[in-house]
Structure formats: C-alpha cells, structure tokens
1. Of the residues in segment 341-387, how many are of a type outside the set (K, R), touching a residue at least 60 places away in the same chain (Cβ under 8 Å) and either outside any helix (DSSP H, G or I) or on the phi > 0 side of the Ramachandran plot (or both)?
2. Report every pair of residues separated by at least 6 positions or lying on different chains whose Cβ atoms are under 7 Å apart, first residue within segment 327-340 and hydroxyl-bearing (S, T, Y), second crowded, with 16+ Cβ neighbours inside 10 Å.
3. In segment 243-296, which residues are in contact (Cβ under 8 Å) with a residue 60 or more places away in the chain, touching a strand residue (DSSP E or B) at 6+ places or on another chain (Cβ under 7 Å), within 30 Å of L35 (Cβ to Cβ) and assigned to a loop (DSSP other than H, G, I, E, B)?
4. Of all residues in segment 66-95, how many are without any contact (Cβ under 8 Å) to a residue 24 or more places away in the chain and assigned to a loop (DSSP other than H, G, I, E, B)?
5. Against the conditions (1) farther than 28 Å from D313 by Cα; (2) modelled with pLDDT under 95, where does R170 fall short? Just the number, please.
6. Can you tell me which condition A408 does not meet? The list is (1) closer than 29 Å to E285 by Cβ; (2) surrounded by fewer than 21 Cβ atoms within 10 Å (Cβ to Cβ); (3) among the hydrophobic types (A, V, I, L, M, F, W, C), and all the others hold.
7. Here are S330, S340: which of them is surrounded by fewer than 23 Cβ atoms within 10 Å (Cβ to Cβ) and at pLDDT below 95?
8. Residues that are touching a Gly at 6+ places or on another chain (Cβ under 6 Å), of a type in the set (A, V, I, L, M, F, W, C), crowded, with 19+ Cβ neighbours inside 10 Å and under 23 Å from Q315 (Cβ atoms): does segment 250-261 have at least one?
Amino acid sequence: MKHNVLRILFAAAEAAPFVKVGGLGDVVGSLPPALLDLSPSLKGTQLDIRVAIPFHAVIPRQVAPSQPEVTFSISTPAGPKQAHAYRADLRGIPVYFIDGDPIPREGGVYSLDTQKDGEKFTFFSLACLELCRALQWKPDILHAHDWHAALAIHQLAELREHDPFFRSTRGVLTVHNLPYMGAGTDQAMRAYGIKPRLDPRLPPWGSYQPLPMGLAAADHITTVSPTYSREILTPEFGCGLETFLQSRASSLTGILNGLDMKEWDPATDHLIKAPFNRDDLAPREENRKALLEEVGLDPWSDAPLLILVSRFDRQKGIDLVSDALRQVQSEPWQAIFLGSGDPLLEESARRLELDLPSRVRAVLRFDSQLSRRMFAGGDVLLMPSRYEPCGLTQMIAMRYGCLPVAHATGGLRDTIIDLGEPSRSSGFLFETASASALAATLRRAFAAYANRPSWVARQRFAMSQDFSWSRSAQAYLDLYFALTDSTQNQGDIE
C-alpha cells in the first residue's frame with residue numbers, strides 16, 4: 001500500500017506541555033514532534049500527525065479557542081452522548097482536547113475513584129474514534145498509550161470488521177506500566193455497550209479490563225524499553241498476562257523512550273547556578289557547593305553527594321535506600337532526598353535525617369527546579385527501582401554528569417553502561433533488588449569516586465550518550481510503515 005500521506009493519531013491521557021503527571025506526558029509530548037522532524041528524510045510521503053487527550057480540569061481552558069473544532073456524538077445503549085473537540089497546536093501538530101459530561105470540570109488527571117476514571121477514559125477512548133469520523137480524517141495508525149486509551153484499540157478492531165471508514169486503520173498500543181490495567185472500568189464499559197474481548201489466550205479476568213482487551217486487539221504492542229519487553233514475558237513482571245504476552249511475542253517490540261536533549265542541557269540550563277558541558281566540568285563544583293549550602297549540608301566536604309529524585313513508592317525501591325545507607329555509614333558521603341508519596345517511606349527518610357543530621361536532608365515534596373539543581377550538583381543518583389519500564393531520571397542525571405547507581409532492570413539496564421573501563425562506563429548496576437546489593441554497589445561507586453581522573457572519565461562518557469528521540473522516532477516510523485504493508489515506503493527512508 002503506497003502512502004502519499006501517512007496519518008497517525010496519538011491517543012493518551014497526557015501530553016506535555018499541556019498536562020504531565022509522569023513519563024507518559026513526556027513521551028506523548030515529545031514523540032510526535034520527533035516523528036515530524038524525520039519528514040525531510042522521507043521521499044514521496046508526508047506525515048500527518050495528530051494527538052488526542054482528555055480536556056482535563058487541570059488544563060487551562062485558554063489553551064484552545066472557546067469554540068470546539070468539531071462536536072459529535074458517541075452511541076451508548078441509553079442514547080447518544082455529546083462530545084466536543086477543542087484544538088490547539090504543539091509545534092505544528094494539531095492537539096485535540098476531548099470534552100464532554102464524563103470529563104470532570106474539577107479534580108486532577110487521575111482520581112482514586114476507579115469508576116469515575118473508568119467512565120472518563122471509556123468516553124475518551126470511544127471519542128477518539130468518533131473524532132476521526134467527525135473530521136473525515138482516516139488514520140492509517142491509531143497509536144494508543146496505556147489503559148486510558150486501550151479501549152480505542154479494542155473498539156477499532158470491532159469496527160474494522162464492518163465499518164469501511166476504519167478498514168485500513170492499524171492499532172498500536174504502547175505499555176508504559178503493565179500493572180495499571182484499568183480495573184474498575186467494567187461498569188462504564190457496560191454502560192457504553194462495550195463487549196468483552198473473547199480471546200482464548202487472555203486469562204478470564206482480562207477479557208473485560210481495558211489494557212488486556214487492547215493488548216489482545218492491537219496489531220502491534222510496544223513497550224518503552226527493550227528489556228521491559230522481555231521482562232513482561234516472565235511471571236515476575238507479567239502481572240498474570242505473561243502467558244498471553246508470550247503468545248504475542250512476535251508482535252511485541254521494545255522501543256526505548258527518548259529525552260528532550262534541548263530541554264535537558266547543562267550548557268544552557270538557566271535554572272542552575274553555573275552552566276557547564278562535558279569538556280568543562282569545573283563549574284559543576286559551583287553547583288555542588290550551592291546545592292549543599294541550600295539544604296544546609298557542609299559545602300566544603302569532599303564526600304560524594306548522593307541524590308534521590310523520585311516518587312516515594314515501593315516500586316521505586318525507596319525502602320532499600322535507608323537500609324543501604326546505614327550499611328555504608330563508615331564511608332564518607334552526604335545525601336539529599338527529593339520526592340513524596342507513601343507516608344511510611346517519607347517517615348523512613350525523616351528518621352534517617354534525624355539519625356544522621358550532618359549527612360542527610362529529606363525534602364519531601366515535588367520541586368522540579370530543585371531537581372535540576374540536584375542533577376547539576378549531585379555526584380551519584382540513587383535509582384534502586386524494583387522494576388522500571390524505561391525511566392527518564394537516569395538519562396537526565398547522566399546528561400548532567402551525575403552517575404546512577406541503579407538496579408539492572410527495564411530501561412535502567414538499557415541506558416546505563418557498567419564496565420570495568422571508566423572511559424566506557426556511565427554508571428553502576430546491581431542485579432538483585434536488595435539493600436545489601438545496593439550497599440555493595442555504593443561501595444564500588446565510592447571507590448571509583450576516590451580516583452578523580454577515573455570519575456571524570458565516567459562523567460564525560462555519561463554526558464556523551466545520545467538519548468535523543470531521533471532513533472526512537474525512526475523505530476516507530478519503521479513500525480508504522482511495516483503495519484501498513486508499505487514495503488515501498490520503507491525503502492523511501494534515507
């Protein structure tokens with residue numbers, strides 16, 4: 001099938017800069033422009049990329065015109081529900097904000113009420129398909145992200161059997177975090193007349209949950225790193241879907257998320273005290289001293305400065321950190337924690353600060369500007385996640401010359417190089433998610449830190465890594481062309 005125009009719709013709960021809660025927002029805000037940047041390398045094919053997200057209450061209404069671009073209806077057994085799509089632009093890409101009664105006018109992007117979120121994202125998923133019809137715009141690819149948009153993939157497969165409008169549309173579903181499957185959405189799905197996914201490969205409980213339904217219906221599944229795509233085939237990480245996912249292994253690809261290299265550049269970052277680059281690391285010391293003074297630790301100490309920038313959650317391995325640091329008390333180090341979340345984990349961080357007041361500071365809040373100063377001044381990033389589908393924090397830290405000590409899982413294994421040769425190493429990995437393994441790896445990092453030329457070689461290698469979106473975008477583009485049976489177009493890519 002030869003395409004003069006390849007039409008791609010992204011459907012997701014978040015897209016930076018309009019709304020961002022986590023890494024999902026970064027991906028959906030960065031990947032479409034990165035794809036568009038590849039347009040000059042294509043011969044005879046144009047890219048028409050659009051994005052749809054819910055018009056969450058946290059998004060200022062002023063981002064879009066007061067009048068909707070289109071208004072349309074979504075069929076339900078109880079009668080039609082009206083939806084509106086308001087349009088804004090993201091670097092030349094149309095972004096449609098889907099609005100309607102099920103999209104609350106107050107509250108956050110996500111709520112603790114699973115039924116409320118269930119209706120919101122069921123409505124949104126169906127609206128994405130009807131938006132295309134209302135615009136008379138037939139996508140070649142519908143690229144949905146996580147459970148919030150997975151029902152769009154399920155419904156696409158249902159429509160494709162009898163609706164010529166979507167007959168040539170192919171569905172891609174990206175899994176950012178497999179455990180979040182949309183449990184509690186069954187009531188909303190029944191209200192909207194959505195049928196279960198009758199796929200014998202699915203476990204019975206998965207036939208009426210959005211993410212498994214979308215995974216069964218998708219033409220292709222992607223995850224956000226190669227290692228995570230292999231991990232979810234195992235009982236440890238598969239969340240009960242490992243056998244089903246094994247059956248889909250030939251249609252499963254891990255594509256590493258990228259990093260916005262312009263947004264995260266220590267040479268041009270105006271939010272840090274002293275900009276620097278890999279050829280001139282001397283200003284980093286100014287950032288380090290300023291950071292230590294800011295939090296009330298000794299700015300003249302030669303001890304390595306450990307930083308933790310994370311949501312406080314057991315998944316992130318935060319519970320391992322306090323135990324590990326107590327195990328290495330005999331070593332010189334200082335540590336700054338930044339983040340919030342589980343009250344028990346926050347209390348553990350407070351206790352560590354109380355026990356070691358000259359060495360530890362726990363800043364228990366979200367603070368994006370402080371996090372930048374920590375990346376620019378910290379020596380070691382602690383990232384002991386039990387599982388990490390991709391992770392951006394380690395990429396940012398390496399970009400700023402802060403070397404990660406991390407559990408070798410998911411995207412951490414894919415992005416951090418731990419070899420004996422300093423000039424080819426960007427961090428330190430441990431294989432078992434335990435406090436003792438973290439402590440042992442910290443001792444290894446401390447020994448490397450004591451050899452300054454060796455440490456600087458590691459910093460420079462870490463800062464030289466290319467985490468840009470261009471390679472990831474090319475991998476997605478190759479996938480899109482393959483799904484549309486466009487072997488001719490694959491040959492058109494220079």
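The values are calculated or read from the model by the stated rules, or taken from the named source; none is laboratory data. Quick caveat: nothing in here was measured; it's all calculated off a predicted structure. Neighbour counts are summed over all protein chains in view; Cβ atoms, including those assigned to glycine, are modelled from backbone coordinates with ideal geometry.
1. Adding up the residues that qualify gives 11.
2. Listed pairs, sorted by first residue: S340/F312; S340/E346; S340/L364.
3. I255, P266
4. Selection size over segment 66-95: 4.
5. Every condition holds for R170 apart from (2).
6. Checking A408 against (1) closer than 29 Å to E285 by Cβ; (2) surrounded by fewer than 21 Cβ atoms within 10 Å (Cβ to Cβ); (3) among the hydrophobic types (A, V, I, L, M, F, W, C), the one that fails is (1).
7. Values: S330 fails: at pLDDT below 95.
After ruling out the rest, the residue left standing is S340.
8. Going residue by residue through segment 250-261, those that are touching a Gly at 6+ places or on another chain (Cβ under 6 Å) are none.
No, that holds for no residue.
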